[in-house]
Amino acid sequence: MLGKTPWNDEQARSLIDARRGEHGAMLPILHDLQERFGYIDSAAIPLIAEALNVSKAETIGVVSFYHDFRPEPADGAVLKLCRAESCQALGCEDLVAHLAGAHGLEVDGHARGPLSVETVYCLGHCALSPAALLDGEPMGRLDRARLDEIVAGAKRRPQ
Amino acid sequence: MIAKVFVPGDSSALAVGAGATARAIADEARARGAEIEIVRTGSRGLFWLEPMIEVETASGRVAYGPVAASEAGSLFAAGFLAGGAHAKSLGLVDQIPYLEGQQRLVFTRCGVTDPLSLEDYRRNGGLQGLQRAISLGARATIEEVLASGLRGRGGAGFPTGIKWRTVAGVEADQKYIVCNADEGDSGTFADRMLMEGDPFLLIEGMAIAGLAVGATRGYVYIRSEYPHAFRTFGAAIVKARNGGVLGADVLGSGRAFDIEARLGAGAYICGEETSLLESLEGKRGQVRAKPPLPAIKGLFGKPTVINNVLSFASTPWILAQGGKAYAEYGLGRSRGTQPFQLAGNVKRGGLVELAFGATIRRLVEDFGGGTRSGRPIRAVQVGGPLGAYFPDSLLDTPLDYEAMLATRGMLGHGGIVVFDDSVDMARQARFAFAFCAKESCGKCTPCRIGSTRGVETVDKIIAGRDRPGNLALLRDLCETLTDGSLCALGGLTPLPVLSALDNFGEDFARPVPRVAAE
């Protein structure tokens, strides 16, 4: 589950400093920041650029290249729903339609509300498709009823 | 005597409730005053039976599955600790036909041992390959790998021994071993299972490579979609270090080798080896032009062996039993075994390790038992999102590198995804382009632009606009992608598209559905 600590320059600096000597430290630093704060704040860019002796443009280039790094934190739970071939073969697109139709949840829409749903391509649970990760917890053999429970569970959770 | 109960901690097993099952068994044992030890293992790879639990009995391990948490009480009542009969009894594990029919050389311990117990690993044949490699020396180690005929299991099928020999022959102050664990192909999960279920095997294989080529540092690049594998593998590295398998003096050889696990960040393209190296260096995962080959100029510009998880994991067996023994499995230029992965709309999905040469039909029908939906099989995609779709008439194609190429497909990482007759193959062709567009690194034009043009062209065909013209354009576009792309993403995207078109042409000629104007 992603961190919910509000952005804090000092904490960010110490996370960056802890890694700056490593070879190819960029991705490990970005993962550490996202784990702590739940996203990569734009204030992180100059800090990383300075620590790793690269340009800000280069840093932004890396952050934006990878699907994982979020520009803003998610309000609530995050469901990563697999939409690759194996899950297609067992109806993941029907689940996408169900989320929209029954719950008004747009996949890859804004990260507001108790549950945001994101597309992911393959979680390695292909023998138990359709699969998803709910805040890092794996789920297999998903169906509409199970999705309804997940949505209800996320709504019950204190924000 | 304390009874031993084995419950998988594999993340796919957890995805269908293995965690709750383990807790329920522990609670029930406590309530009944039964003394048991629960060992969390990897998975045997019989996923339709997960959570599948096992108990040790005098005649061997007995399995039950799938066991829901609510069934813990009835298992105790049935005397399962002594192998008692129960509605979910599967009998002796080793006699389950799905397992008995396999030829497991790589996946021998997965689901059997505690993945993080180095003692368990040693007791079950672990580290024999590395010991022998140390006593043979570097040159003879590479000779064994060459003799085995092992080819890269990531998809490209390049001979592993030749790669190692090249790196060994280059002088450098630093060399690297890099493991590609960015298993992004849909329908594949063998790397994940292995890192979660038998991580020391990968560590042993990488150490063999390190000693053989003179590299002291290794990196494993694990995709972020595999958080459990990343955690387990990280813990295994620490144990291996403490146990003297990694570090300054590998198993008392006087040689140094250590490994670091790195987490990917959701980019499919980073499964391409040069893009993976860029990512490890902290850059955008953009493909490099080759040459220079990574074997000459790889990670941080140094000579680098980069292999897939399964390639490294095959080498301990090869060193322990000899390259010649390994080469006795398989046929033609495809030697040894391949862990195939059965997925999608299939009744019995799971891991099937077999010598090369079994047919697709044997996998999906004999092992897989047909579709999960019970409808007829219409298409089988082999080799991930860049692999071809096979119709029923081609299911007798043997699964080996050359036969797959001859049918204009590819083996890839051994993933097999089954679709029933509800599939619309024009939609699947569209998806192949859409996926390429989303995951393209953007470096070369055919892939970056061609993928989006491909989506648009398939859309026009589906919508019934100038079908002959657009079909011709589609083939022309595929030729451009095949011949003009820098790497396999753009270069192989035409495989699923053209196989859909050639084998399921009727799906591109369907009457246009009546929909409201856009």
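Report, by residue number, each residue of region B:43-79 that is away from chain A (no Cβ under 14 Å), within 18 Å of B:Val112 (Cα to Cα) and in contact (Cβ under 8 Å) with a residue 24 or more places away in the chain.
Matches in region B:43-79: B:Ile53, B:Glu54, B:Val55, B:Glu56, B:Thr57, B:Ser59, B:Gly60, B:Arg61, B:Val62, B:Ala63, B:Tyr64, B:Val67.
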Could you tell me which numbered condition B:Gly322 fails, if it satisfies all but one of (1) away from chain A (no Cβ under 11 Å); (2) of a type outside the set (Val, Ile, Thr); (3) crowded, with 24+ Cβ neighbours inside 10 Å? (3)
Has region B:366-375 got any residue that is closer than 25 Å to B:Pro97 by Cβ, within 22 Å of the chain's Cα centre (by Cα) and without any contact (Cβ under 8 Å) to a residue 24 or more places away in the chain? yes
Evaluate region A:115-135: report whether one residue or more is in contact (Cβ under 8 Å) with a residue 40 or more places away in the chain, surrounded by 18 or more Cβ atoms within 10 Å (Cβ to Cβ), more than 26 Å from B:Gly187 (Cα to Cα) and not assigned by TED's automatic domain parsing to the domain that holds A:Ile29. yes
Residues satisfying the stated conditions in region B:267-303, i.e. within 14 Å of chain A (Cβ to nearest Cβ) and either within 24 Å of B:Ala133 (Cβ to Cβ) or at pLDDT below 95 (or both): B:Gly298, B:Leu299, B:Lys302
Those helices (runs of 4 or more DSSP H) completely within region B:258-376 that have 2 or more residues that are over 22 Å from B:Gln128 (Cβ atoms) and of a type outside the set (Gly, Ala, Ser) are B:273-280
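Examine region A:6-18 for a residue that is under 15 Å from A:Pro71 (Cα atoms) and either more than 12 Å from chain B (Cβ to nearest Cβ) or among the small types (Gly, Ala, Ser) (or both), and state whether such a residue exists. Steps first, please.
Of region A:6-18, the ones under 15 Å from A:Pro71 (Cα atoms) are A:6-7.
Among the residues that remain, those that are also either more than 12 Å from chain B (Cβ to nearest Cβ) or among the small types (Gly, Ala, Ser) (or both) are: A:6-7.
Yes, the conditions are met somewhere in region A:6-18.
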For region B:340-363, indicate whether the set of residues that are buried (at least 19 other Cβ atoms within 10 Å of the Cβ), of a type in the set (S, T, N, Q) and in contact with an Asp or Glu (Cβ under 6 Å, 6 or more places away or on another chain) is non-empty. yes
Which of (1) within 24 Å of B:Lys302 (Cα to Cα); (2) assigned to a helix (DSSP H, G or I); (3) within 11 Å of chain A (Cβ to nearest Cβ) is the odd one out, the single condition B:Arg231 does not satisfy? (1)
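Yes/no matrix, rows are residues, columns are (1) within 12 Å of chain A (Cβ to nearest Cβ); (2) touching a strand residue (DSSP E or B) at 6+ places or on another chain (Cβ under 6 Å); (3) more than 23 Å from B:Arg122 (Cα to Cα); (4) in contact (Cβ under 8 Å) with a residue 24 or more places away in the chain:
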{"residue": "B:Ala147", "(1), (2), (3), (4)": "no, no, yes, yes"}
{"residue": "B:Asn180", "(1), (2), (3), (4)": "no, yes, yes, yes"}
{"residue": "B:Gly184", "(1), (2), (3), (4)": "yes, no, yes, yes"}
{"residue": "B:Glu196", "(1), (2), (3), (4)": "yes, no, no, yes"}
{"residue": "B:Phe200", "(1), (2), (3), (4)": "no, no, no, yes"}
{"residue": "B:Ala212", "(1), (2), (3), (4)": "no, no, no, yes"}
Against the definition (at pLDDT 95 or above, buried (at least 24 other Cβ atoms within 10 Å of the Cβ) and within 14 Å of another protein chain (Cβ to nearest Cβ)), how does B:Asn308 come out, yes or no? no
Does A:Ala74 meet the test of being free of Cβ contacts under 8 Å to residues at least 40 places away in the same chain and more than 10 Å from chain B (Cβ to nearest Cβ)? no
Within region A:83-120, how many residues are outside any helix (DSSP H, G or I), more than 14 Å from every other protein chain (Cβ to nearest Cβ) and not hydroxyl-bearing (Ser, Thr, Tyr)? 11
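Within region B:119-138, identify whether any single residue is in a helix (DSSP H, G or I), touching a residue at least 24 places away in the same chain (Cβ under 8 Å) and of a type in the set (D, E, K, R), and answer yes or no.
yes
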If I go through region B:393-421 residue by residue, how many of them are in contact with a strand residue (DSSP E or B) (Cβ under 6 Å, 6 or more places away or on another chain), within 14 Å of chain A (Cβ to nearest Cβ) and assigned to a loop (DSSP other than H, G, I, E, B)? 2
Is there a residue being within 12 Å of chain A (Cβ to nearest Cβ) and either surrounded by fewer than 24 Cβ atoms within 10 Å (Cβ to Cβ) or at pLDDT 95 or above (or both) anywhere in region B:22-36? no
Within region A:56-71, how many residues are within 11 Å of chain B (Cβ to nearest Cβ), hydrophobic (A, V, I, L, M, F, W, C) and either closer than 30 Å to B:Ala388 by Cβ or assigned to a helix (DSSP H, G or I) (or both)? 4
Any residue in region B:164-176 that is at pLDDT 95 or above, in a loop (DSSP other than H, G, I, E, B) and within 22 Å of the chain's Cα centre (by Cα)? no
Criterion (surrounded by fewer than 19 Cβ atoms within 10 Å (Cβ to Cβ) and under 27 Å from B:Ala509 (Cβ atoms)) met by exactly one of B:Arg408, B:Arg430: B:Arg408
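The values are calculated or read from the model by the stated rules, or taken from the named source; none is laboratory data. Nothing here was measured: the structure is a model prediction, and the numbers come from that model. Ideal geometry is used to build each Cβ from the backbone, glycine not excepted, and the neighbour counts take in all protein chains shown.
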